[in-house]
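Trainee: The structure that follows is given in the form of structure tokens.
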Amino acid sequence: MLTTTGVEAERNLPYAGLQRLVYPVRAGVDALPAPQRDALRGAFGLTDQAEPGTYLVGLATLT
């Protein structure tokens, strides 16, 4: 089970809460299908790509 706690200072940062939530399982990002992997990396600012769509980020999170 994954849990997280929000940080008020990050309230205006898109995907900050999601990044905190999936941080413990971040090694699994490499196993995702390429579009999902790229979307999650983009959401977390790990690539230079434009901000990904929320649907694809959500799908990557669920996968």
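Trainee: Can you bin every Cα-Cα distance in the chain into 10 Å intervals starting at zero and give me the percent of pairs per bin, rounded to whole numbers?
Mentor: That works out to 22, 56, 21, 1, in percent per bin.
Trainee: Given a 1.4 Å probe and the protein chains all in place, what does the accessible area of residue 7 round to, in Å² to the nearest 10?
Mentor: Accessible area, nearest 10 Å²: 60 Å².
Trainee: Tell me which trypsin sites (Lys or Arg not before Pro) from the stretch 1-51 have a DSSP coil assignment and no more than 13 other beta carbons within 10 Å of their own.
Mentor: Working: sites: 11, 20, 26, 37, 41; in loops: 11.
In loop regions of the stretch 1-51 (DSSP not H, G, I, E or B), the sparsely surrounded trypsin sites (Lys or Arg not before Pro) are 11.
Trainee: If I fit a long axis through the Cα atoms of helix 34-43 and take the longest principal axis of the Cα atoms of the chain, what angle between them do I get, 0 to 90°, rounded to 10?
Mentor: Compared with the principal axis, the helix lies near 30 degrees.
The values are calculated or read from the model by the stated rules, or taken from the named source; none is laboratory data. Remember, it's a predicted structure, so these values are computed and weren't measured experimentally. Every residue, glycine as well, gets a Cβ built from its backbone with ideal geometry; the counts of neighbours run over all protein chains shown. Side chains are part of the model used for accessible areas, which takes the heavy atoms of the whole protein and leaves out ligands, DNA and RNA. Shrake-Rupley method; radii C 1.70, N 1.55, O 1.52, S 1.80 Å.
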